[in-house]
Amino acid sequence: MMLMNNRFVFVSVAVLLSSLATTGLSAEPGAVLTVNVNEPKAAVSPTLYGLMTEEINYSYDGGLYAELVRNRTFRSDWTGILNWYLIERGAASAKVTIDDGEGPSAALARSARLEVTKADAGSPAGLLNEGYWGIAVRPNTSYQGTFFVKSSAEGPLPIRVALVADQSGKVLAATSVPVSGRVWKQYKFEMRSGEAAASAENHLEVTIDRPATLWLQLVSLFPPTYRGRPNGNRIDIMEKLAAMHPAFLRFPGGNYLEGGRIDSRFDWKKMIGPLVDRPTHPTTWSYHSSDGMGLLEFLNWCEDLHMQPVLGVFAGYTLDGRVVKPGPDLEPYVQEALEEIEYVTGGTDTRWGGLRARDGHPAPFPLRYVEVGNEDNFDRAKTYDGRYAQFYKAIKAKHPEIQVIATMPVTGITPDVVDDHYYKREQGMFEESKHYDRADRNGPKIFVGEWATREGTPTPNFGAALGDAAFMTGLERNSDLVVMAAYAPLLVNVNPGGMQWSSDLIGYDALTSYGSPSYYAQVMFASCLGDHTVNSSLTGAGDRFFYSATASANKLCLKLVNATSSEQPLTIMLQGPGAAAQTARGSTLRANTTWATNTIQNPKRIVPVNSTVNVQGGRIVFVAPAYSIQVLEVDLK
């Protein structure tokens, strides 16, 4: 009913827009927005809207990163091997343990030892992996897998790999991989599903049908990925991100960059090259990272969505409050950052650029922004001034073209850009929408590196979307100062136990994903953005009606946010020689209450609805619906 009611309202509004504009209704509306389309006011940053990402809420493992196997490296605790279970069918007999002295690499020096003492074709034994709250299987789909194995068997030993339905036990896809030898080898395989219905209630089985001992490590399985990248990303989530038209990606994240301790920071050198050489590490949000999303994978993500990388470098502060003091102690981390920059931008004739080429990407990546640390205002020792200066001087000496972002205001050196973060309720974001109207234009540029209206769980409700949209009108009005902004957190796995932080932009489970109302507000705002603001004024509206006006040579973009429970009559007066437009394209997002939202079960309750609006004599007369976010794109002559 919600979707039907919303569509009825959207269509009614579109009809009203058209009829009012056509008849030239003479009654004076309650508010007038005057826009001088030929009077530029200030430049709009071309990189205003982008993405901020980090490993939280199972954003990479169990989320964007398409790996289907959970704990592919066989970590264990007192309960046994996490997410893996022993299979003993029929009369089979087997046991599984961790062998601390056997592994395929120095990074993965342990393995799962599977000892099968009794098995046959009718009674196989092996291991089961549960995936990330299930494993998605779709019909007629190919799955690419690999594992590292050594075997006690003298001759070839067939390992059966299968995707199996949890409830029925039906085999949905399967293959046999012959392995042999008492030394570690990597084996690759492919299996294809049939006509089974799409479902996430499935698991992976790895079994043998005869007595033998196997050592297993790095068992991996991928579905089709975005643009077919090996070790790549989920298609559905990447498509949603692409629809946001992001200009940049801030990575690898805030707390994820810092780490809970220095030895659990984002150590980029351990996250390049083959997966077998990546040791994995604990994250700051109570789960473990596979390190499949390493430095090159982030850069490939930027390339796939045509985004600029905004590279965060570890700056000597960790979440346990420890600080590496400026000076000699910090210098190794400064050099580490310079080497990371070389991996991103260096030619193949450089050491780290050559390693990037070895990893599969000979061409350098462009890099304009580097951020030193994350939220260093929490540093109680107050060492960030010195730490930032040490990084700034070293980076500028080698890369004067790079803009060096500070995570807080600093003294001694004027940073190129300062990163501001905002997490507030709806009313707080309404107030923050005016924050940069009063800001000093003589200081550093601003990067709003993390922000969100925190209402709704696991993803924002419509009240949060209204707060977000109001805040974005302020960003657009002041985008001569605010050069970049990114909502955070970006992603959340909605399964029980998958979320550590609520009000996240995009939600998903193993099978599907959905956009929150705040997501659609982001999509709408980024879809129409001029290269400069224009002089404009609003009279007669209440204090919860927000707008912005940007333009380019041939179009005007108006953002209108009515955050009240009442309709807002509005006349838009377009002034200037280019204002003789005849039509405008409109997009409306609205809900009946601020608590309305989308969910994994009902992903399309609140979605934008498009319409066409007549413009007569540079005049648009209409009524903005209650609780609505609208974008009007007007063609200028």
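No value in this document is a laboratory result; all are computed from the given coordinates. This is a predicted model, so every value here is computed, not measured. Cβ sites come from the backbone with ideal geometry, for glycine too, and all protein chains shown count toward neighbours.
Looking at the square roots a ≥ b ≥ c of the eigenvalues of the Cα gyration tensor of region 100-150, which shape do they give, rounded for a/c under 1.5, prolate if a/b is larger than b/c, or oblate?
Working: a/c = 2.24, a/b = 1.23, b/c = 1.82.
Verdict is oblate for region 100-150.
In this Cβ point-charge picture (+1 for Lys and Arg, -1 for Asp and Glu), the chain has a dipole of about 740 debye about its Cα centre.
Remark: C-alpha extents of region 155-231 on the principal axes read 39, 33, 17 Å, sorted largest to smallest.
Per DSSP H run of n ≥ 4, the term is -39500 (n - 2.57); total these for the chain, divide by its residue number, and report the mean residue ellipticity at 222 nm rounded to 500 deg cm²/dmol. Please report the intermediate quantities before stating the final value.
Working: 10 runs with 116 residues, N = 637.
The helix contribution divided over the chain gives -5500 deg cm²/dmol.
Using per-residue counts of other Cβ atoms within 10 Å, averaged over each peptide, order 612-619, 68-75, 142-149 from highest down. Can you show the working numbers first?
Details: 612-619: 16.2, 68-75: 22.0, 142-149: 20.0.
So the order, starting with the most tightly packed, is 68-75, 142-149, 612-619.
Using a simple spin-label model with pseudo-atoms 7 Å out from Cα toward Cβ, ALA42 and ALA243 lie 3.2 nm apart.
Once you order the gyration tensor axes a ≥ b ≥ c over the Cα atoms, which shape class does region 204-346 get: rounded for a/c under 1.5, otherwise prolate or oblate by comparing a/b with b/c?
Numbers: a/c = 2.17, a/b = 1.29, b/c = 1.68.
Note, shape of region 204-346 comes out oblate.
Histogrammed with a bin width of 5 Å, the alpha carbon distances of region 76-222 distribute as 2, 10, 19, 22, 22, 15, 8, 2, 0 percent, first bin at zero. Using Cβ point charges alone (K and R +1, D and E -1), the dipole size of region 515-637 about the Cα centre works out to roughly 200 debye. Between ARG160 and HIS532, the simple label model (points 7 Å from Cα in the Cβ direction) yields a spacing of 7.1 nm.
Given their separation in residues at 0.36 nm each and the Cα-Cα distance between them, HIS288 and GLU190 gain 32.6 nm when the chain is fully extended.
Counting only residues at least eight positions apart within a chain, or on another chain, the aspartates and glutamates with an alpha carbon under 17 Å from that of LYS269 are GLU258, ASP277, ASP291, GLU297, GLU331, GLU336, GLU339, GLU340, GLU342, ASP359.
With a 10 Å radius around each residue's Cβ, average the other Cβ atoms per peptide and rank 621-630, 274-283, highest first. Could the numbers behind the result be given before it?
Numbers: 621-630: 23.9, 274-283: 18.1.
Order by mean packing, descending: 621-630, 274-283.
To the nearest ten degrees, helix 331-345 and the longest principal axis of the Cα atoms of the chain are 80 degrees apart.
Taking Cα atoms only, the orientation of helix 295-304 departs from the longest principal axis of the chain by about 50 degrees. Take the Cβ atoms of ALA553 and THR213, set R0 to 45 Å, and the FRET efficiency comes out at 0.05. Region 297-425 has equivalent-ellipsoid semi-axes of 26, 18, 13 Å, by the square roots of 5 times the alpha carbon gyration tensor eigenvalues, sorted largest first. Full extension of the segment from ALA109 to ARG89, taken as 0.36 nm per residue of separation minus the current Cα-Cα distance, would add 4.2 nm. By the rule of a C-alpha distance below 26 Å, with chain neighbours fewer than 8 residues away ignored, the lysines paired with LYS150 are LYS95, LYS118, LYS185, LYS188, LYS270.
Per residue and in Å³, how big is the convex hull formed by the alpha-carbon atoms of region 217-262? Write down the numbers at each step before the final one.
Details: hull volume 6.0 nm³, N = 46.
Given the Cα convex hull of region 217-262, per-residue volume reads 131 Å³.
To the nearest 0.05, what FRET efficiency results for ASP77 and ARG227 with a Förster distance of 41 Å applied to their C-beta separation? Efficiency computed from Cβ-Cβ geometry: 0.65.
I'd like the FRET efficiency for LYS604 and THR348, computed as 1/(1 + (r/R0)^6) with the beta carbon distance as r and R0 of 41 Å, rounded to 0.05. For LYS604 and THR348, the calculated efficiency is 0.30. In terms of Cα atoms, the Rg and Dmax of the chain work out to 27.4, 93 Å. For region 100-127, the residues whose backbone nitrogen is under 18 Å from a point 7 Å from the Cα of SER176, taken along Cα to Cβ, are 119-127. Cβ screening of the chain for cysteine pairs under 4.7 Å finds these without a partner: CYS302.
When each of the peptides 294-303, 429-438 is scored by the mean number of other C-beta atoms lying within 10 Å of its residues, the order from highest to lowest reads 294-303, 429-438.
Just how large is the dipole of region 76-222 about the Cα centre, in debye to the nearest 20, putting +1 at every Lys and Arg Cβ and -1 at every Asp and Glu Cβ?
Working: 14 positive and 15 negative charges, 70 e Å.
So the dipole magnitude of region 76-222 works out to roughly 340 debye.
Ranking THR117, TYR547, PRO139 by how far each Cα lies toward the positive end of the dipole of the chain (charges on Cβ) leaves PRO139 at the top. Principal-axis analysis of the Cα atoms of the chain puts helix 462-477 at an angle of about 70° to the longest axis. In order along region 488-500, the phi-based Karplus estimate (6.51 cos²θ - 1.76 cosθ + 1.60, θ = phi - 60°) of 3J(HN,Hα) comes to 8, x, 7, 9, 8, 7, 7, 5, x, x, x, 10, 10 Hz; Gly and Pro are listed as x. Within the same chain, lysines fewer than 8 places from LYS604 are excluded, and of the rest, those with a Cα less than 18 Å from its Cα are LYS240. A crude spin-label estimate for the pair ARG438 and LYS325, with each label 7 Å from Cα along the Cβ direction, gives 4.0 nm.
Summary value for region 76-222: 32 percent relative contact order, contacts being C-alpha pairs under 8 angstrom separated by 6+ residues.
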